[in-house]
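Presented below is the structure to which this report refers.
The values are calculated or read from the model by the stated rules, or taken from the named source; none is laboratory data. This structure is a prediction, so every number in the text was calculated from the model and none was measured. Cβ placement follows ideal geometry from the backbone for every residue including glycine, while neighbour counts extend to all protein chains displayed. Ligands, DNA and RNA are excluded from the accessible area calculation, which covers all protein heavy atoms including side chains. Shrake-Rupley method; radii C 1.70, N 1.55, O 1.52, S 1.80 Å.
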Amino acid sequence: MSETDHHAVDLRGVVKRYGDFTAVHRTDLSIEEGSFLTLLGPSGCGKTTTLRMIAGLTSITEGEVAIKGRRVNDLPIHKRNLGVVFQNYALFPHKTVWDNVAFGLKYRKTPADETKRRVGEALELVQLPHAADRAPSQLSGGQQQRIALARAIVVRPDVLLLDEPLSALDANLREDMRVELKRIQHTLGITTIFVTHDQSEALAMSDRIVVMSDGRVEQVGDPQAVYNRPASEFVAGFLGNSNILPARILAREGERAEVEVEGLGALLATVEPQDPRPLARGETVKLAIRAEKLALSPAIGAEAPGPDAAALAGRIATVDYQGQVARYFLEAGQRQLQSVNAIDEHPLPEGAEVSIRVRARDCVILPA
Amino acid sequence: MPSGWSLIRLGTVLVYLFMFAPVAVVILLAFNASQFGAFPMEGLSLRWFAALWENDAIVRAFETSLLLGLLTAVISTTLGVLASLAMVRYDFPGKNLIAAALIAPILVPEVVLAVALLLFLGAIGVPKSFPLLLAGHVIFTLPFVILVVQARLVGVKREYEEAAMSLGAGPVETFFQITLPLILPAVLAGALFAFTISFDDITGTLFWKPGGVETVPTQIFAMLRNSISPEINALGAVMIVITVAVPLLGAALARWLSARGRTG
Ligand SMILES: Nc1ncnc2c1ncn2[C@@H]1O[C@H](COP(=O)(O)OP(=O)(O)OP(=O)(O)O)[C@@H](O)[C@H]1O
Ligand SMILES: [Mg+2]
């Protein structure tokens, strides 16, 4: 029994080049059986290319793809037992909903009565049991997407691949479908690879997120890890709003490090226990602090920051009022900082002197 | 500017009149009871159509034309669909050159094409024959099929085929289950083009046909050289009906098919 036995998909040293252009750099990735993995990144970073290589729709320049431990590089897509859902649904326009969903069963030699039962169940699962006789063109976008999902899962694929399946839907529907999709994935326990450039989709749905940029994997981790402990400046900047500050290590002691931020002063930061970097005195780094972790209070009468935290003095330059929260643009030392704080009725006024509390656990040390 | 527009309208009407009046005359005279084609007509009759039916040479020419047209349509459409698939779905070296070569027969004057093929086959020692005639017709109907089918195929998203294959359908099954039904209207239109062009053709046919074989157009041509018989009017009328009715039927069929494709 090798350790890859419980992996639904393995990418080993996978590379995709188009001529001189490398769309996906050497990538290693394992996807656990039954888990929901998201490829997240900006447009053009190689998400679709990666997904299509797993599907067998795009050839692999170098490396190896294995599904359930079996190398599939030379296996054509129709023999890979996958379910694929496309951005624009791709329902067969000349077939009824029923024939669309039953399509894959035909090639698995499923007997007629079982086909009937399974198509019925799949339509039930996507909550469209009465749409069987309709044509795809008679369905709304959201309904078409459900049918596309039913068509993909009815064949009980080893892996379900979804390329921005929600991006063609309007905002409200997108959130409903997000919940729905997660429910179905959970019910079936089906290994799922989901592609999106929408960070909130990724955070809401995934067991694990792969953040990609320029054809490279920047970080792999569960949503909290990727959000709270970004591994690179790119990840910190791509998910949410972060302050990214140039800094230098002053001292390191176990999980604590003291850093000097240029033009701001000394701050405490947390080092992950598994972080392999030496982080010796004098090393230049970047410090990332999420905007919503910077807590503001009026400078007059501010409480002491408490242990493992620091208080910085600053002034509010601009307020961006957003209802529940306000985004503040601050001047502190010779730096500009962003802070997002919940507000009670009135935001702090522009020009106000404030105390900014920075906790050590919210400061993440990134490579320079 | 109403006056400008009405001038254009008048001009258009006159041009069409000039084009279609002779056709109308032929059809009218086909029903003339008299031996001599002159107006006013002396009475209506179907005798010239009956005479056609009894003229062995004409019936044979008709059979030849039909067979030639049908075979041309089948072969041209098959090759045209395959070529279009290659052009639209695959990348290979020399693709642009091949694409240009496939369309070229439309651009080259038919006489030049006809002579060229004849000289070429003469040079390699192949005698004139029915298959040669058929090959000629296929060569110059093929571009029409390719143009029509390619245009439609470009509009059929690759994702339909990819979805089918992801569900387990092999390339051949995907073609017959997904691609062909989606391009069927264009395939039928291409086949009809091929048939009517072949059925009407005279230039190439005159060069390529073996001795003793006549198609309807070459038969009419031969008859004209002897005398202007009223049978020719009747034959002309039949040709007109076929070459107009076949595309109309085809268009109706295509519209019906694509309507059915949209709604279920
Ligand atoms: N067939 C191709 N030939 C050449 N370059 C390609 C091809 N397909 C994709 N690319 C390039 O590869 C890179 C990655 O493309 P990919 O479609 O994987 O991006 P993506 O992350 O899915 O982006 P998006 O969010 O816009 O869909 C892009 O720069 C793209 O231009
Ligand atoms: Mg993409």
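Data table
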read-out	value
Shape of region B:55-263, Cα gyration tensor, a/c cut at 1.5	oblate
Structure-based [θ]222 nm, chain A - -39500 (n - 2.57) summed over DSSP H runs of at least 4, per residue, nearest 500	-6500 deg cm²/dmol
Part-to-part distance (alpha-carbon centres) for region A:202-224 and region B:56-102, which is given in Å	52
Chain B - accessible surface per residue (Å², probe 1.4 Å)	54
B:I8 accessible area, 1.4 Å probe, all protein chains in place, Å² to nearest 10	100
Whole-angstrom gap from region A:307-368 to region B:1-29, using each part's C-alpha centre	81
Exposure ranking of B:D91, A:D113 by accessible area [1.4 Å probe, largest first]	B:D91, A:D113
Loop-exposed trypsin sites (Lys or Arg not before Pro) per DSSP, neighbour cap 16 Cβ within 10 angstrom, longest uninterrupted part of chain A	A:110-280
Using a Förster distance of 45 Å, the FRET efficiency for B:V108-B:A259 (Cβ separation, nearest 0.05)	0.75
DSSP beta bridges in region A:3-233 [antiparallel fraction, %, rounded to 5]	55
Chain A - percent of accessible surface contributed by carbon and sulfur, probe 1.4 Å	47
Vicinal HN-Hα couplings computed from phi for region A:79-92 (Karplus, 6.51 cos²θ - 1.76 cosθ + 1.60; Hz; Gly/Pro x)	10, 8, 6, 10, x, 10, 10, 9, 4, 9, 6, 6, 6, 5
Chymotrypsin sites (Phe, Trp or Tyr not before Pro) restricted to region B:88-159 and DSSP loop, no more than 15 other C-beta within 10 Å	B:Y90
Local electrostatic count at B:T205 - Lys and Arg +1, Asp and Glu -1, tallied over other residues with Cβ under 12 Å	-2
Amide H contacts of A:V9 (H built 1.01 Å from N, under 5 Å, at least 5 apart or other chain)	A:I31, A:K68
Farthest positive-ward along the protein assembly as shown dipole, Cα basis, beta-carbon charges - from A:G265, B:A234, B:V246	B:A234
Eligible lysines near A:K68 by straight Cα distance, threshold 19 Å, same-chain separation 8 or greater	A:K79
Shielding by partners - mean other protein chain Cβ count within 10 Å, residues of A:17-30	0
MRE, 222 nm, helices only [DSSP H, n ≥ 4, -39500 (n - 2.57), over chain B, to nearest 500]	-26500 deg cm²/dmol
Gyration tensor verdict on region A:176-332 (Cα atoms; rounded if a/c is under 1.5, prolate if a/b is larger than b/c, oblate otherwise)	oblate
Separation between Cα centres of region A:266-290 and region A:86-128, rounded to whole Å	53
Cα-centre dipole for region A:241-367 with unit charges at Cβ (Lys and Arg positive, Asp and Glu negative), debye to 20	340
Hz values of 3J(HN,Hα) by residue in region A:283-300 - Karplus curve (6.51, -1.76, 1.60), Gly and Pro given as x	5, 8, 9, 10, 10, 10, 9, 5, 4, 7, 8, 7, 8, 9, 8, x, 4, 6
Region A:3-233, dipole about Cα centre (Lys/Arg Cβ +1, Asp/Glu Cβ -1), debye to the nearest 20	800
Restricting region A:265-368 to GluC sites (Glu not before Pro) in coil, as DSSP defines it, with at most 13 other Cβ within 10 Å	A:E303, A:E345, A:E350
Point-charge dipole on Cβ atoms (K/R +1, D/E -1) for region B:1-133, about Cα centre, debye to 20	320
Over 34 Å [Cα-Cα, the protein assembly as shown], rounded percent	63
For A:V217, residues with placed amide H under 5 Å, excluding near neighbours	none
Residue mean of other protein chain beta carbons inside 10 Å, A:152-162	1
Shielding by other protein chains, A:82-93, mean Cβ within 10 Å	5
Heavy-atom accessible area order for A:H94, A:H186, largest first, 1.4 Å probe	A:H186, A:H94
Solvent-accessible area lost in complex, 20 Å² minimum, residues of region B:132-163 relative to chain alone, 1.4 Å	B:K157, B:E159, B:Y160, B:E162, B:A163
Global form of region B:183-264, assessed from the alpha-carbon gyration tensor, a/c cut-off 1.5	oblate
With DNA, RNA and ligands ignored, accessible area of B:W256 (1.4 Å probe; Å², nearest 10)	150
Estimated vicinal HN-Hα couplings, Hz - region B:172-183 in sequence order (Karplus 6.51, -1.76, 1.60; Gly, Pro = x)	5, 4, 4, 4, 6, 7, 10, 4, 4, x, 6, 9
